[in-house]
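Have a look at the structure below, then the notes.
The values are calculated or read from the model by the stated rules, or taken from the named source; none is laboratory data. Remember, predicted model here, so these are calculated numbers, not experimental data. Positions of Cβ are backbone-derived with ideal geometry, glycine not excepted, and every protein chain shown enters the neighbour counts. Protein only, heavy atoms only, side chains kept; ligands, DNA and RNA dropped before computing areas. Shrake-Rupley method; radii C 1.70, N 1.55, O 1.52, S 1.80 Å.
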Amino acid sequence: MTDPTGPEQDVAAPRFRLKAHADVGVEVLHASLRDHHFDPHFHETYLVGFTCGGVERFSQSGRPDVSLPGQVRVAEPGAVHTGEPGDDQPWRYVALYFGAEAFADLRPEAPAAPVFEKAVLDDPQLFRIGLDLADALAHALDPAEREERLALLLMRLSRHQVGADAGEVRPEPEKIRLARQYIRAHMATVVRLEELAAAVGFSKFHLLRTFKAATGLTPWRYQVQLRLASARALLRDGVPASQVAVICGFFDQSHFTRLFRASFGITPAAFQAAYKRL
């Protein structure tokens, strides 16, 4: 198996290569990093990452962890996480991103959005299947092959799913659910902490503590992630980055670019270019 992220040399600067595959609903990121650090963020898709070299050190849902070469890192939609190289070697990985709808036909009786038993999986077969899928997305001409390899990944991945009655998913506090709804409804405007606290009937300090404990992010950081998720959708549709910055409530394009890169490692322009090549 060839290393999909390339040789270890020439990695002084972060290297990211993103490709979108609309026919199967998957984004593929190849990366090689030595010093880059991802700020706490979440995706509205699943993340399945394959560590090909070095070590990834990260925190997910408030718990520190590491992913070693040959291991698979998973995060459900909305799971707050960070990421950075865990030693003095380049951290090289391939990451796949896809929506919960990918699982819809796999197990009709199972939850539509599966939760996994842990953030790092030791499954050599899953690792091989994932890199085979990334290779097929890059080189296979037959869309049937890409669809089949994605199905193989989902079937193997589902073996690590927590059962629907396992009792590991705690219900979200009602006032935090209301706070999230309020932030989403006012995503592109400034939402002061005092305003949000009044809307849900908490003191602002109690809201800050409770919201962060429930989501892993402060309300402001949560709003930023919603704005970035909306921005990604607009960029996919071809809206110019300067317009996206205004629509989504960022102060200017440089502010937008800085926050986008801190969460995803690439600029809005590079992300949009991945879709223009389709």
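Name every residue in region 233-254 that is assigned to a loop (DSSP other than H, G, I, E, B) and in contact (Cβ under 8 Å) with a residue 12 or more places away in the chain, in order of residue number. Residues satisfying the conditions are Gly238, Cys248, Gly249, Phe250.
Scanning region 74-85 for residues that are part of a loop (DSSP other than H, G, I, E, B) and either among the β-branched types (Val, Ile, Thr) or open to solvent by less than 30 Å² (accessible area, probe 1.4 Å) (or both) yields Ala79, Val80. Within region 204-217, residues that are at positive phi and open to solvent by less than 60 Å² (accessible area, probe 1.4 Å) sit with their Cβ atoms under 6 Å from residues that are among the aliphatic types (A, V, I, L, M) and outside any helix (DSSP H, G or I), at 6+ positions apart or across chains, in these pairs: Gly216/Val80. Restrict the check to region 243-256 and report whether at least one residue is within 15 Å of the chain's Cα centre (by Cα), open to solvent by less than 20 Å² (accessible area, probe 1.4 Å) and under 24 Å from Arg15 (Cβ atoms). No, because not a single residue in region 243-256 is within 15 Å of the chain's Cα centre (by Cα), open to solvent by less than 20 Å² (accessible area, probe 1.4 Å) and under 24 Å from Arg15 (Cβ atoms). Among the residues of region 45-73, which ones are assigned to a strand (DSSP E or B), among the small types (Gly, Ala, Ser) and either open to solvent by less than 30 Å² (accessible area, probe 1.4 Å) or touching a Phe, Trp or Tyr at 6+ places or on another chain (Cβ under 6 Å) (or both)? Within region 45-73, Gly49, Gly53, Ser67 qualify. For Leu226, the stated conditions hold: it is aliphatic (A, V, I, L, M), surrounded by fewer than 21 Cβ atoms within 10 Å (Cβ to Cβ), at pLDDT 95 or above and under 21 Å from the mean Cα position of the chain (by Cα). In region 185-199, the residues that are more than 14 Å from Arg221 (Cα to Cα) never reach a residue that is assigned to a loop (DSSP other than H, G, I, E, B) and open to solvent by 70 Å² or more (accessible area, probe 1.4 Å) with C-beta atoms less than 9 angstrom apart, at least six apart or across chains.
Matching residues to (1) assigned to a helix (DSSP H, G or I); (2) in contact with a strand residue (DSSP E or B) (Cβ under 7 Å, 6 or more places away or on another chain); (3) aromatic (Phe, Trp, Tyr):
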| site | (1), (2), (3) |
| --- | --- |
| Glu195 | yes, no, no |
| Phe202 | no, no, yes |
| Ala214 | yes, no, no |
| Ala231 | yes, no, no |
| Arg258 | yes, no, no |
| Ser263 | yes, yes, no |
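Among the conditions (1) surrounded by 15 or more Cβ atoms within 10 Å (Cβ to Cβ); (2) within 18 Å of Met187 (Cα to Cα), the only one that Gly265 does not satisfy is (2). Within the span defined as region 57-78, one or more residues are over 22 Å from Arg17 (Cα atoms), among the hydroxyl-bearing types (Ser, Thr, Tyr) and touching a strand residue (DSSP E or B) at 6+ places or on another chain (Cβ under 8 Å).
Taking Ile129 and the conditions (1) modelled with pLDDT of 95 or more; (2) more than 19 Å from the chain's Cα centre (by Cα); (3) over 20 Å from Gln161 (Cα atoms), which numbered condition does it fall short on, given that it satisfies the others? Result: Ile129 fails condition (3) only.
The set of residues from region 216-229 being in a helix (DSSP H, G or I) and of a type in the set (Val, Ile, Thr) comprises just one member, Val224. Restricting to region 27-44, and then to whatever is more than 13 Å from His81 (Cα to Cα) and not in a strand (DSSP E or B), can you tell me which residue is least open to solvent (accessible area, probe 1.4 Å)? Once the filter is applied, the top-ranked residue is His36.
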